[in-house]
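The values are calculated or read from the model by the stated rules, or taken from the named source; none is laboratory data. No experiment lies behind these values; they were computed from the predicted model shown. Virtual Cβ from ideal backbone geometry, glycine too; neighbours counted across all protein chains shown. Heavy atoms of the whole protein, side chains included, go into the accessibility calculation; ligands, DNA and RNA do not. Shrake-Rupley method; radii C 1.70, N 1.55, O 1.52, S 1.80 Å.
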Amino acid sequence: MTQADNEAALMAPWQGRVDNMETGDARRWHQVMRPAFRAEAPGRALLGFCSDAGVARNQGRTGANEGPLALRRQLANQAYHLTAPLYDAGDVVCQGDNLESAQQAFAGQVSELLEQGHRVIGLGGGHEIAFASFSGLLAHAQRQKTMPRLGILNLDAHLDLRQAERASSGTPFRQCAELCQEAGIDFHYTCLGVSRGGNTPALFARAESLGVEWVLDEQCRSLDSPALKAALERLLARVDWLYLTICLDALPAWIAPGVSAPSARGIELSLVEDVIDHLAARVALPVVDVAEFNPSLDIDARTARVAARLVERLAR
């Protein structure tokens, strides 16, 4: 396949409305998106992780491997209000059950895009994207003259610290803890929106043993909620760079039905947006991602629209 063919395939989802009769700036994302290999300046680089092997291993409902394409199509008509250039870096595709090799490839691309000065926005795919994203961030951090302190903030109904023989969408942050131990750095992980009924006592015990901070969904009402506010302040005091990952099952099922494990309660979309804005004003966010979008389970494109709205906010 020639480079022209590769570019055509990469840009195929980026089609949409063109408002030629407008006198002001009426551009949409599909009109400004460019292939990452043609980047002339640092910007926001989208990188898809087409995988639900981790969801399958975790006994969840598969279909999230189609999430990146569906999300791009939803983003295509998003009005462009940014100042940063937008780039599409393509997809890493998990072939069959080859999750570990796909995570390694994704981490390599994340690290390379960071070296080029981009903020990487991962498009999931199952939440197994988290281990790959953090691995790429750590590799980039280790190449810095002064190693930054790294942290993870996960908005999720699940702690995803499961102990299992094989990696899955339920194990990524336990894997991140092990990776930090191997690298000789502190593991700073905070999870907001945790469902008590969605996590066993064993998982809460593991979180405690690893020094993880979590805030239950019922305690996440606003940025001023005492438990949430305190957890964020403690995390921000400990880190220089933060990896932010949003599992869409943190949102209520009626807002985000297109996920592997819909939430009975969840946290409000407005709070998720407030958290993003709060972090962006306080700390570097080199890598962010949205996970667990499963278009085969979506209703009236509700989850697609929510995910696109969040990606736009993460790109600001």
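Using only the Cα atoms of segment 33-141, what semi-axes does the equivalent ellipsoid have when each is the square root of 5 times a gyration tensor eigenvalue? Give whole Å, largest first.
So the three semi-axes of segment 33-141 are 24, 17, 10 Å.
Expressed as a rounded percentage, what relative contact order does the chain have, with Cα pairs under 8 Å and six or more residues apart?
Taking the mean separation of contacting Cα pairs over the length of the chain, I get 20 percent.
Residues in segment 183-203 near a label at Ser209, defined as backbone nitrogen under 16 Å from the 7 Å Cα→Cβ point?
Flagged as within label range: 200-203.
For Ala280 and Leu69, what is the calculated FRET efficiency with R₀ set at 25 Å and r taken between the beta-carbons, to the nearest 0.05?
According to the calculation, E is roughly 0.40.
Given H placed 1.01 Å from N in the peptide plane, which residues other than close sequence neighbours of Trp214 have an amide H under 5 Å from its amide H?
Under 5 Å from the amide H of Trp214: Cys191.
Output needed: percent of Cα pairs per 10 Å distance bin for segment 121-178, bins running from 0 to the one holding the longest distance.
21, 51, 24, 4
Which value in nm describes the separation of the simple spin-label points at Ala4 and Val32, placed 7 Å from the Cα toward the beta carbon?
For Ala4 paired with Val32, the spin-label model returns 2.9 nm.
Skipping prolines and chain starts, which residues have an amide H placed within reach, meaning under 5 Å, of the one on Ala284, given they are 5 or more residues away or on another chain?
Amide H neighbours of Ala284, under 5 Å, 5+ apart: Leu242.
What residue among Ala102, Ala53, Ala157 shows peak mean-square fluctuation when the chain is described by a Gaussian network model with Cα springs under 10 Å?
Ala102
Is segment 84-138 best put as rounded, prolate or oblate by its Cα gyration tensor, with a ≥ b ≥ c the root eigenvalues, rounded for a/c under 1.5, and otherwise prolate when a/b is larger than b/c, oblate when not?
It comes out prolate by the Cα gyration axes.
Calculate the translational D of segment 132-248 in whole µm² s⁻¹ from Stokes-Einstein, where the hydrodynamic radius comes from the Kirkwood formula applied to all Cα pairs, the temperature is 4 °C and the viscosity 1.567 mPa s.
In µm²/s, the coefficient rounds to 89.
Working out 0.36 nm times the residue gap between Ala84 and Lys229, then minus their Cα-Cα distance, what length gain in nm do you get to one decimal?
49.2 nm
Please give the per residue accessible area of the chain, computed with a probe of 1.4 Å over protein heavy atoms only, in Å².
Here the per-residue accessible area is 43 Å².
What's the percent breakdown of Cα-Cα distances in segment 61-206 across 10 Å bins, shortest bin first?
Computed distribution, short to long bins: 10, 36, 37, 16, 2.
Determine the share of segment 183-259's accessible area contributed by carbon and sulfur atoms, expressed in whole percent, with a 1.4 angstrom probe.
Result for segment 183-259: 52 percent of the exposed heavy-atom area is carbon or sulfur.
Could you work out how far the C-alpha centroid of segment 97-128 sits from that of segment 242-285, in angstrom?
Taking the Cα centre of segment 242-285 as reference, the centre of segment 97-128 is 20 Å away.
Whole number please: convex hull volume per residue of the Cα set in segment 254-316, in Å³?
86
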